[in-house]
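*Asks:* Okay, here's the structure, questions in a sec.
Read-outs throughout are calculated quantities, based only on the coordinates presented, and are distinct from any laboratory measurement. Predicted model only: the values in this text are computed from it and were never measured. Neighbour counts are summed over all protein chains in view; Cβ atoms, including those assigned to glycine, are modelled from backbone coordinates with ideal geometry.
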Amino acid sequence: MIKKILLIIASRGFQPVEYGDTKSELETAGLEVITGGDKVGEATGKDGVTKVKVTVALEAMTADDYDGLYFIGGPGALPHLDNETSYRLLRVWAAETDKPYGAICISTRVLAKAGVLQGVEATGWNGDGELPAILTQFGAKHLDKSVHTDGRVTTGRDPAAAREFGRTIAKQLK
């Protein structure tokens, strides 16, 4: 049976390279990618040009339907995905399944605030210098690496890490 991976993007301002390159690597590995987000319909990338169809909204997602859950970054991630709906989904996923999850770029902060990185080493976007303190505040440790997996959690630093992020997720799910 083909494994289904859920990539979560913001309805406005997701990072097209992170989404596209991660998705491409997952599909190349034979995994099915489902795109979810804060709203069903058309999502617009941070470039204002890239359009992606979101087929499932955060509040409709259940862990039973997917084999992996990953948040994509971009400037729209915090305004659209850093909220209690995302936190609830992540908490249930982390507590009630043994399935992998993660985030790339600024979305690592969403996982931290959801409380699902406690005791985990993680990477992510640190252009503002705040990521180490945020991770420490929520019980995680910052690593300055392009991609890192700690147990079930895979995190990526930035758009340049997207292909490696996708390949790492695919290996974890094989």
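*Asks:* Convert each backbone phi in segment 103-119 into a coupling constant with the Karplus relation 6.51 cos²θ - 1.76 cosθ + 1.60 (shift: θ = phi - 60°), then list the ³J(HN,Hα) values in order as whole Hz, x for Gly and Pro.
*Replies:* With coefficients 6.51, -1.76 and 1.60, one gets 7, 10, 6, 5, 5, 4, 5, 5, 4, 4, 5, 6, x, 9, 10, 4, x Hz.
*Asks:* Using the Kirkwood formula on the Cα atoms of segment 130-174, what hydrodynamic radius do you get, in angstrom to one decimal?
*Replies:* 11.3 Å
*Asks:* How big is the gap, in Å, between the Cα center of segment 70-117 and the Cα center of segment 34-50?
*Replies:* Cα centroid to Cα centroid, the span is 17 Å.
*Asks:* Moving on to the next point. If we count other beta carbons within 10 Å of each Cβ, what is the order of Lys171, Lys46, fewest first?
*Replies:* Least to most surrounded, the residues fall as Lys171, Lys46.
*Asks:* Give me the percent relative contact order of segment 84-174, please, defined on Cα pairs under 8 angstrom at least 6 residues apart.
*Replies:* The value is 28 percent.
*Asks:* What are the ³J(HN,Hα) values, in whole Hz, obtained from phi via the Karplus relation 6.51 cos²θ - 1.76 cosθ + 1.60 with θ = phi - 60°, for each residue of segment 145-151 in sequence order, with x given for Gly and Pro?
*Replies:* 10, 6, 9, 9, 10, 10, x
*Asks:* Can you sort Ser24, Ser146, Ser107 so the residue with the fewest Cβ neighbours within 10 Å comes first?
*Replies:* Neighbour counts put them in this order, fewest first: Ser24, Ser146, Ser107.
*Asks:* At 20 °C and a viscosity of 1.002 mPa s, what translational diffusion coefficient does Stokes-Einstein give for segment 1-91, taking Rh as the Kirkwood radius over Cα pairs? Give it in µm²/s as a whole number.
*Replies:* Result for D is 165 µm²/s.
*Asks:* So, one more: Considering all alpha-carbon pairs of the chain, what whole percent are spaced by more than 28 angstrom?
*Replies:* More than 28 Å apart: 10 percent of the Cα pairs in the chain.
*Asks:* Residue-wise, which Karplus ³J(HN,Hα) couplings in Hz belong to segment 7-13, taking 6.51 cos²θ - 1.76 cosθ + 1.60, θ = phi - 60°, and x for glycine or proline?
*Replies:* 9, 9, 10, 7, 5, 9, x
*Asks:* Taking amide hydrogens as modeled 1.01 Å from N in the peptide plane, which residues meet the under 5 Å criterion relative to Glu121, leaving out close sequence neighbours?
*Replies:* Residues meeting the criterion, in which the H sits 1.01 Å from N, are Lys141.
*Asks:* So between Lys99 and Thr62, what do we pick up on full extension, going 0.36 nm a residue minus the alpha carbon distance?
*Replies:* Taking Lys99 through Thr62 to full extension adds about 12.1 nm, to one decimal.
*Asks:* Run the helix sum for the chain: -39,500 (n - 2.57) per DSSP H stretch of 4+ residues, divided by residue count, reported at 222 nm to the nearest 500 deg cm²/dmol.
*Replies:* It comes out at -9500 deg cm²/dmol, rounded to the nearest 500.
*Asks:* If you wrap a convex hull around the alpha carbons of segment 47-148, what volume per residue comes out, as a whole number of Å³?
*Replies:* Cα-based convex hull of segment 47-148, divided per residue, equals 112 Å³.
*Asks:* Name the residues whose placed amide hydrogens come within less than 5 Å of the amide hydrogen of Ile34, ignoring near sequence neighbours (fewer than 5 apart) on the same chain.
*Replies:* Ile5, Leu6, Leu7
*Asks:* If I model a spin label as a point 7 Å beyond the Cα along the Cα-Cβ vector, how far apart are those points for Thr136 and Gln118 in nm?
*Replies:* In this crude label model, Thr136 to Gln118 measures out at 2.0 nm.
*Asks:* Filter the GluC sites (Glu not before Pro) in segment 66-166 to those in DSSP coil with at most 13 other Cβ atoms within 10 Å of their Cβ, and list the result.
*Replies:* Of the GluC sites (Glu not before Pro), the ones in loops of segment 66-166 whose Cβ has at most 13 other Cβ atoms within 10 Å are Glu130.
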